[in-house]
Amino acid sequence: MRRVGIVALALVGALSSPSHGEVRTRRVEYRDGNVTLEGYLAYDDAKTLPSPGVLVVHDWMGVGPYVERRARELAGKGYVAFAADIYGKGVRPADAKAAGKLAGEYKADRKKLRKRAEAALLRLRQEKNVDPKRIAAIGFCFGGTTALELARGGAEIRAAASFHGNLDSPTPEDAKQIKAKLLVLHGAIDPFVKPEDISAFQKEMAEAKVDYQFIAYSGAVHSFTNPEAGKDVSKGSAYDPVAEARSFKALHAFFEEAL
C-alpha cells in the first residue's frame with residue numbers, strides 16, 4: 001500500500017511539474033537603417049505558449065561567448081532571450097583598447113545607442129513565441145548602461161536590469177519617460193562608477209518617481225559576474241562568485257514580480 005502511494009505521488013509530481021525541452025539557439029540578422037546587425041536567440045523548444053522575452057545586451061567586447069551563455073541560461077528558465085548586437089555584424093573589438101574606443105562612441109551618442117537597442121527590441125518582439133507585453137532588458141557593463149538608456153527612451157518594456165553598468169545620464173530629465181521597473185546590481189567598490197554618479201542616479205529616479213531597486217555588493221568591483229575578469233580586485237574589474245550568485249537570485253525575483 002505504501003509503495004502504491006509513493007508511485008501515485010511521483011506520478012502527480014510528474015504531471016504537475018513544468019515541462020522543459022531543449023534550449024535551441026540561432027543567429028539572427030536584423031537591421032538598424034542600413035546597418036546589418038547579428039544577434040543570438042535562445043529559447044526552450046518545449047514552450048507552446050508565448051513566453052516573456054528578455055533582451056540581453058553585451059559588454060564592451062560585443063556579442064560573444066559570455067553574453068551568449070547568459071542568453072542560454074535565461075532560455076533554460078523559460079524566457080525567450082535575445083542577445084542584441086549594438087556594434088554591427090562582424091564588428092567585434094580585438095582587445096580592451098579597441099573595445100573602450102568603440103563603446104565610448106556609443107556612450108557619447110545616447111540617441112544612437114538607444115536606437116540600436118530599440119532595433120533589437122523590435123526584432124525580439126517579432127518572435128512568434130514571445131509575449132510582446134512581457135519583455136525585459138538586461139545588460140552587463142556597457143550593456144547595463146544600454147538597458148538603462150533603453151528605459152530612459154520610453155521603451156515599452158516591463159523591466160530593465162543593469163549588472164555593473166554605468167549610471168550617468170547626460171539628460172536626466174529623460175527619466176520621466178521610463179515605463180519599466182528598474183534593478184541596478186552594483187559592485188560596492190566599483191572604481192568606474194563614482195559615488196556622485198550613484199547619488200545623481202538616485203536623485204534622477206526619485207524626481208521622476210521611477211520604481212527602482214539599487215543593490216550594492218560589498219567587496220565587488222566592475223564585471224563581478226564575469227569569470228573572464230580574473231580575481232585581481234586591484235585592477236577594478238574582477239569576478240566575484242558570491243556577488244554573481246546573489247545578483248542573479250535578485251534578478252529572477254525581480255522578473256517574478258515584473259513579468
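Some notes on this structure:
- Residue count for segment 117-145 under the criterion of being part of a helix (DSSP H, G or I) and either among the aliphatic types (A, V, I, L, M) or farther than 15 Å from GLU68 by Cα (or both): the result is 12.
- Flag for ALA81 being part of a helix (DSSP H, G or I) and either exposed (fewer than 15 other Cβ atoms within 10 Å of the Cβ) or at pLDDT 95 or above (or both): no
- For the condition assigned to a strand (DSSP E or B), at pLDDT 95 or above and either in contact with a strand residue (DSSP E or B) (Cβ under 9 Å, 6 or more places away or on another chain) or under 30 Å from LYS47 (Cβ atoms) (or both), VAL210 does not qualify.
- Candidate set from segment 220-259 (those that are hydroxyl-bearing (Ser, Thr, Tyr) and over 27 Å from PRO52 (Cα atoms)); member that is surrounded by the fewest Cβ atoms within 10 Å (Cβ to Cβ): SER234
- When ARG152 is tested against (1) touching a residue at least 60 places away in the same chain (Cβ under 8 Å); (2) among the basic types (Lys, Arg); (3) surrounded by 20 or more Cβ atoms within 10 Å (Cβ to Cβ); (4) under 27 Å from ALA216 (Cβ atoms), just one condition goes unmet, and that condition is (1).
- Subset of segment 168-178 [part of a loop (DSSP other than H, G, I, E, B) and surrounded by 15 or more Cβ atoms within 10 Å (Cβ to Cβ)]: ASP168, SER169, ILE178
- Residue tally, condition closer than 17 Å to PRO172 by Cα, among the acidic types (Asp, Glu) and under 20 Å from the mean Cα position of the chain (by Cα), over segment 199-247: 1
- Residues considered: ASP85, ASP95, ASP109, ASP131. Of these, the only one that is in contact (Cβ under 8 Å) with a residue 60 or more places away in the chain and either farther than 20 Å from LYS181 by Cα or among the acidic types (Asp, Glu) (or both) is ASP131.
The values are calculated or read from the model by the stated rules, or taken from the named source; none is laboratory data. All values derive from a computational prediction rather than experimental measurement. So basically every Cβ, Gly included, is an ideal-geometry build from the backbone, and we count neighbours across all protein chains shown.
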